[in-house]
Amino acid sequence: MTAPFDIAHAGSANKGSDAPATPRNVPNRGGAPNPSAADLKAKFGTAIRRVDVVWGETNVYVAPEAALDIIRWLHDDASQQYDYLVDVTAVEYRDLEQPIEVVWHLRSLPYRRFLRVKAQLTKNRPLEIPSVWSIYKSADWLERECFDMFGITFVGHPDLRRILMWEQYREGFPLRKDFPLRGRFSRAEQLRQALAANPEARYSMEELTIADAFEDLPTDMRQRLRGGERTGE
Amino acid sequence: MGLTPRPDHRVVEYNPSSQEGWVASRLDFLVNWGRANSLWPMPFGTACCAIEFMATAASRFDLARFGMERMSFSPRQADVLICAGRVPFKLAPVIRRIWQQMPQPKWAIAMGACASTGNIFDNYAVVQGIDTIIPVDVYVPGCPPRPEGLMYGIMMLQEKVMRERMSDVVIRNEMEPDPKSQLYIPAPTIDELSEPFGNSVHQTRSGL
């Protein structure tokens, strides 16, 4: 009987020294960068804008249009094997001139490497970045959260809609710097809009267990579900 | 043979002149006594207050002493809604529906600072006190309140139950929210209830 998936052994690609070592006396700035940074520079050239080492972790700034190719290469190439997407998030700085950064945290289990990839999006144009969902399925909800909080559109995401706030939320993107802490509407209006939401209409049928029983449902119900009807409506 | 016949218990002897076996009481006292000592809680635990609530229900503090050991996770068999923790706006329709599903007579306890006022979470996502959504009988302060605090609140609620009178015609009326806005108190009142105080005075609404 074959295993249903390949078991990842941490450090298995490191020949010789694969024992994990706790870093000590790590400087704030500088130090040896992740070897992947040099590989990226050799492979992608000017698409790699800058490489920083902060607290011993390597940040690679990449061109937004090349981000998908770079991450795909990092995932697929045998010399990198970044098989684990830890997080997708974004950073907006208080300085409004600064661009918004989209951040991917990547980890290579076979090489015991960690890499932070950043892409800068200037603010005077639509915030769009390719989705990495085609590479890492775990990017699904991470990108949805990033879209919900920052309003960044991940092009190619299969189901890009709000995940934390309810779908009818109209006040904007809460983690943006121009978003007031208490929201844009008065408390009564916020409450009125929240109470108007149907608490059972937040999930598509596909997300519920009823999706498993789809074939057993009556024909008319199947047709309604195919039309994209939500539960509770 | 030598057996004496059993007395027939189907026959109740009534002798008004002997006061044995009889108690005269007010009906609403008896009803309230029964209600106050068998409040079935509907725990609505969303945050750290729920941990203290669980401690209150466990053996050391023992909610069973108040006839509350039966946690009613179904709102339709519950008497008192205990909201333990902060309620985000996304949960507002949920707690409203749970409250509407509970049969009368019903009471609500807002446990902790978040459920009562929103606490430090004076932000875009958190309801500034569940009394803007459902009527609340007892507020328990604390962040989170200790089990003794919750029990004190429960005893206050019992006292409130004991004071109810059946002749009071409005006391068991279901509060119907305004069908258009779904709010049951006027919007300016909600805005006033949610006014910032304490540390939040120093925050500006405009952001930057």
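The values are calculated or read from the model by the stated rules, or taken from the named source; none is laboratory data. On a predicted model such as this, the values are computed, not experimentally measured, just so you know. For neighbour counting, all protein chains shown are included, and Cβ atoms are generated from backbone atoms with ideal geometry for every residue, glycine included.
Details
- Of the criteria (1) at pLDDT 85 or above; (2) out of contact with any Gly (no Cβ under 7 Å at 6 or more places or on another chain), which one B:Ile190 fails: (1)
- Test: residue in region A:132-149 that is under 18 Å from A:Val62 (Cβ atoms), more than 12 Å from the chain's Cα centre (by Cα) and of a type in the set (A, V, I, L, M, F, W, C): no
- Of all residues making up region A:70-90, the number that are farther than 19 Å from A:Ala10 by Cβ, touching a strand residue (DSSP E or B) at 6+ places or on another chain (Cβ under 8 Å) and hydrophobic (A, V, I, L, M, F, W, C): 4
- Test: residue in region B:78-87 that is more than 18 Å from B:Trp40 (Cβ to Cβ) and not β-branched (Val, Ile, Thr): yes
- Members of region B:101-123 found to be modelled with pLDDT of 90 or more and within 14 Å of chain A (Cβ to nearest Cβ), listed by number: B:Gln101
- Take the conditions (1) in a loop (DSSP other than H, G, I, E, B); (2) of a type in the set (Val, Ile, Thr); (3) under 27 Å from A:Thr58 (Cα atoms); A:Ile163 misses just one of them, which is (3).
- In region A:1-48, the residues that are more than 17 Å from A:Arg112 (Cα to Cα), surrounded by 10 or more Cβ atoms within 10 Å (Cβ to Cβ) and among the small types (Gly, Ala, Ser): A:Gly30, A:Gly31, A:Ala47
- Filtered residue count, region A:50-85, keeping only those that are over 16 Å from A:Pro33 (Cα atoms) and among the basic types (Lys, Arg): 1
- Test for A:Trp73: is it loosely packed, with under 14 Cβ neighbours inside 10 Å, hydrophobic (A, V, I, L, M, F, W, C) and within 23 Å of A:Glu101 (Cβ to Cβ): no
- Options A:Ser131, A:Ser186, A:Ser204: the member that is of a type in the set (S, T, N, Q) and at pLDDT 90 or above: A:Ser131
- Every pair of residues 6+ apart whose Cβ atoms lie under 6 Å, when the first sits in region A:175-190 and is within 7 Å of chain B (Cβ to nearest Cβ) and touching a residue at least 60 places away in the same chain (Cβ under 8 Å) while the second is of a type outside the set (S, T, N, Q) and crowded, with 16+ Cβ neighbours inside 10 Å: A:Lys177/A:Glu92
- Inter-residue pairs, beta-carbon under 9 Å, first at the interface with chain A (Cβ under 9 Å from one of its Cβ atoms) and in region B:174-194, second part of a loop (DSSP other than H, G, I, E, B) and polar (S, T, N, Q), 6+ apart: B:Ala187/A:Ser186; B:Ala187/B:Ser181; B:Ile190/A:Ser186; B:Ile190/B:Gln128; B:Asp191/A:Ser186; B:Leu193/B:Gln128; B:Ser194/A:Ser186; B:Ser194/B:Gln128
- Candidate set from region B:138-155 (those that are aliphatic (A, V, I, L, M) and part of a strand (DSSP E or B)); member that is surrounded by the most Cβ atoms within 10 Å (Cβ to Cβ): B:Val140
- B:Leu63 being touching a residue at least 12 places away in the same chain (Cβ under 8 Å), crowded, with 19+ Cβ neighbours inside 10 Å and within 15 Å of B:Gln104 (Cβ to Cβ): no
- Test result for B:Ala92, surrounded by 10 or more Cβ atoms within 10 Å (Cβ to Cβ) and free of Cβ contacts under 8 Å to residues at least 60 places away in the same chain: yes
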